[in-house]
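Below: the structure, in structure tokens.
The values are calculated or read from the model by the stated rules, or taken from the named source; none is laboratory data. No experiment lies behind these values; they were computed from the predicted model shown. Cβ atoms come from the backbone with ideal geometry, glycine included; neighbour counts cover every protein chain shown. The accessibility values were calculated without ligands, DNA or RNA, using every heavy atom of the protein model including side chains. Shrake-Rupley method; radii C 1.70, N 1.55, O 1.52, S 1.80 Å.
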Amino acid sequence: MTQPILQVNDLKKHFPLKGGFFGGTTGYVYAVDGVSFDIARGETLSLVGESGCGKSTVGKALLRLFPLTGGQVILDGQRIDDMPAGTLRPLRRRMGVVFQDPFSSLNPRMRVRDILAEPIRNFSLARDASELEQRVAGLMDKVRLPRDAVNRWPHEFSGGQRQRICIARALAADPDLIICDEAVSALDVSVKAQIVNLLQDLQRELGLALLFISHDLAIVEHMTHRVAVMYLGKIVEVAPKRSLFAAPKHPYTEALLSAVPVPEPGAARERIILKGDVPSPINPPKGCRFHTRCPYAFDRCRVEEPPLRPVADALGAGHIAACHLHDRPAAENPLAGAKGAALLAVA
């Protein structure tokens with residue numbers, strides 16, 4: 001079996017709360033609380049969930065933008081979460097990032113040429129000025145922008161063009177993995193499609209792995225291979241795209257999918273409205289973190305936290321979920337997979 005380009009084991013990030021007269025720690029925000037997943041070479045894994053569930057914190061933790069509370073991050077077989085900064089620096093070029101807001105993530109005082117040349121210089125990837133210029137020109141070609149645009153400033157571009165520049169900068173150091181943190185959420189609908197198509201083309205051309213962090217399930221369904229669903233700092237379900245969208249195995253995923261607009265006019269879909277508010281990550285509920293809003297919760301959900309484990313799926317293997325419903329008889333499990341079996345029979 002091929003080794004994944006990225007493995008994440010029990011990742012935790014707890015932010016301390018300061019207060020009181022002496023400014024001591026009064027508690028913690030459990031932003032990410034035991035997240036595990038892996039990404040294969042050339043694969044797109046989408047990380048989805050409501051705002052505030054910890055998706056972006058996972059991305060920043062992988063990039064070592066702040067120290068981790070616990071867990072392991074393994075890049076191509078090499079553990080990087082506990083590496084000193086000097087040892088980690090050469091490996092940083094193997095992970096690129098595209099942030100949500102393309103304008104605020106570009107230095108307004110640097111021309112595009114200098115923005116793209118900076119990572120190439122930092123990692124000594126060009127032997128001379130001529131090769132540097134060739135690399136910058138090649139990056140502009142890859143993101144389908146005119147070469148002469150390298151002399152312009154970020155404010156002279158549209159939002160979609162600025163995001164293309166951010167993608168080019170992420171590609172400048174020849175990474176193996178790119179983390180896209182809500183990379184299309186700030187763009188118009190037509191521009192979103194162009195950027196998603198560009199990312200897919202670059203993935204095929206360069207063999208990139210993508211961690212696509214998003215709350216837009218319509219975009220996710222179009223471009224991903226597998227989906228990981230987060231709720232209140234934990235992953236509650238991971239599955240191949242087809243399996244997850246056809247037959248979700250967690251009540252939270254089922255509710256999320258019910259809110260996705262149906263493309264066929266007149267098609268019916270039962271919308272699931274979750275009751276109550278998302279609990280505070282400072283004091284998450286005991287047991288299953290979703291039980292306070294789950295329409296199917298029973299006594300065990302309130303006291304015992306369900307582990308992520310394989311669940312039966314008529315559409316194939318690789319589907320895992322954290323839900324006690326799958327220990328009950330099929331007749332008592334509303335997520336037993338009848339929809340997936342029916343879809344498979346039709347196919």
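Quick notes
- Computed from the C-beta positions of GLU205 and GLN3 and an R0 of 25 Å, the FRET efficiency is 0.65 to the nearest 0.05.
- Paramagnetic reach from LYS18 (point 7 Å along Cα→Cβ, amide N under 13 Å) across segment 45-66: none
- Mean accessible surface per residue for the chain, computed with a 1.4 Å probe while every protein chain stays in place, in Å²: 48
- Note, ³J(HN,Hα) from phi for segment 104-111, Karplus 6.51, -1.76, 1.60, rounded to Hz, x at Gly and Pro: 6, 8, 10, 6, x, 9, 10, 6
- Dividing the mean sequence gap of close Cα pairs (under 8 Å, 6+ apart) by how many residues segment 294-339 holds gives a relative contact order of 29 percent.
- In terms of distances greater than 18 angstrom between alpha carbons, the cross-link table entries LYS60/LYS234; LYS55/LYS275; LYS12/LYS275; LYS55/LYS142 yield LYS55/LYS275; LYS12/LYS275; LYS55/LYS142.
- Anisotropy class of segment 89-155 from Cα gyration tensor, a/c 1.5 cut: oblate
- Length gained when the stretch LEU91-ASP10 is fully extended (0.36 nm per residue, less Cα-Cα span): 27.0 nm
- For volume of the Cα convex hull per residue in Å³, the value calculated from this model appears in (1) 176; (2) 137; (3) 162 under label (1).
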